[in-house]
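Each remark here refers to the structure printed beneath this line.
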Amino acid sequence: MPTVPTSRPTGPRTSAIGDTHLSLRDRVYVELRERIIEGRYPAGLRLVERELAEELGVSRVPVREAMQRLEAERFLTVQARRGAVVTGFGPDDAEHLFDVRENLEELAAGLAARRRDAAGLRTLAQLLKRTRRASGAGRLRDVVNLNADFHQAVAEASGNPVLIDLMAPLDSRLRRLFHLTSAPDDAGPMCGEHERLYEAIGAGDEEAARALARAHVAGTRAAALALLAAHARANTQDAAFQ
C-alpha cells in the first residue's frame, strides 16, 4: 500500500536555486518543475507553499508564483480541501503527446535534413557521443535528459522559428514521459535510432529523415503506453485496498 507523499523529496538532489543566471522566481520554478519531471515529486503529492519556501530558503512569494505557473502548465492541479497536488501523467496524456510528436518531429527532421546546418549537426553529434558515454556508465538519468536534448536539438536544427516555438512547450512534458517510461535496456536501441537519424540529416536525405523520425516516435509509443497503463492499473488496485 503506498504511503501518502509529502512535499519533502527523498534522496540526493541537485538544486537550481544557486544558478545565478536566472531570476529568483525562475530558479524556484525550474527547481520545482525538475522535481516533478524527474519523479522526485510523484503524482498526487501535495505541495505546501510554506514548507517549500522553508526548504528552499526563500520567501513564499516566488514559491507561490512558481506554483501558479506550474498549474498553468498542468504540472499542478488545485483540489478542494487539499490545495496544490502534482498532476498525474497517464496513458491518455501520453497518447495526446505522441499524436502531436509524430507529426512535429517528422517535420523537424525533414527540415533539418533539407537545411544541413553545420552547427546543428555538430550539436547532434556531441549529444550522441555524450549519450553513448552515459549509457555505458549506466547513468540512466543522464541518458533520459540527453534523449530529450537530442529531440530538442533536431527541432532547432530545422531552422524554422515557428516550429521551434510550437515544440518548445512540449519539452517538459516529453522529459517527464521519458523519466516515467525509460529503462536501462532502452538506451542501446535508442542511441542506434538517433544515430541513423543523424546520418540521414547529415546526408541531406529529407525523405529518410522524416521516415526515421516518425518510426522512432511510433516505436516508443506502444511500449510507453503499455507501461503507463500497467502503472495506472497498479495504482487503482492499491487505492482499492486503502
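A few notes on this one:
- Filter result for Gly138 (part of a loop (DSSP other than H, G, I, E, B), of a type outside the set (Lys, Arg) and farther than 26 Å from Leu180 by Cα): no
- Test for Val162: is it of a type in the set (Val, Ile, Thr) and in contact with a His (Cβ under 6 Å, 6 or more places away or on another chain): no
- Filter pass, Val217 being open to solvent by less than 20 Å² (accessible area, probe 1.4 Å), in contact with a Lys or Arg (Cβ under 7 Å, 6 or more places away or on another chain), in contact (Cβ under 8 Å) with a residue 24 or more places away in the chain and part of a helix (DSSP H, G or I): yes
- Residues of region 35-81 that are more than 24 Å from Asn145 (Cα to Cα) and of a type in the set (D, E, K, R): Arg46, Glu49, Arg50, Glu51, Glu54, Glu55, Arg60, Arg64, Glu65, Arg81.
- Residue list for region 118-147, filter: small (Gly, Ala, Ser), open to solvent by 40 Å² or more (accessible area, probe 1.4 Å) and farther than 24 Å from Gly39 by Cβ: Ala118, Ala119
- Residue count for region 172-214, restricted to those that are farther than 30 Å from Pro42 by Cβ and either within 17 Å of the chain's Cα centre (by Cα) or assigned to a loop (DSSP other than H, G, I, E, B) (or both): 3
- None of Val58, Val78, Val85 is open to solvent by less than 70 Å² (accessible area, probe 1.4 Å), part of a strand (DSSP E or B) and more than 19 Å from Phe178 (Cα to Cα) except Val85.
- Remark: pairs (first residue in region 99-123, β-branched (Val, Ile, Thr); second residue open to solvent by less than 60 Å² (accessible area, probe 1.4 Å) and part of a helix (DSSP H, G or I); Cβ separation under 6 Å; 6+ apart in sequence or on different chains) = Thr123/Ala153.
The values are calculated or read from the model by the stated rules, or taken from the named source; none is laboratory data. Just so it is clear, the model here is predicted, and its values are computed rather than measured. Every residue, glycine as well, gets a Cβ built from its backbone with ideal geometry; the counts of neighbours run over all protein chains shown. For the accessible areas, the whole protein counts, side chains as well, though only heavy atoms, and no ligand, DNA or RNA atoms are used. Shrake-Rupley method; radii C 1.70, N 1.55, O 1.52, S 1.80 Å.
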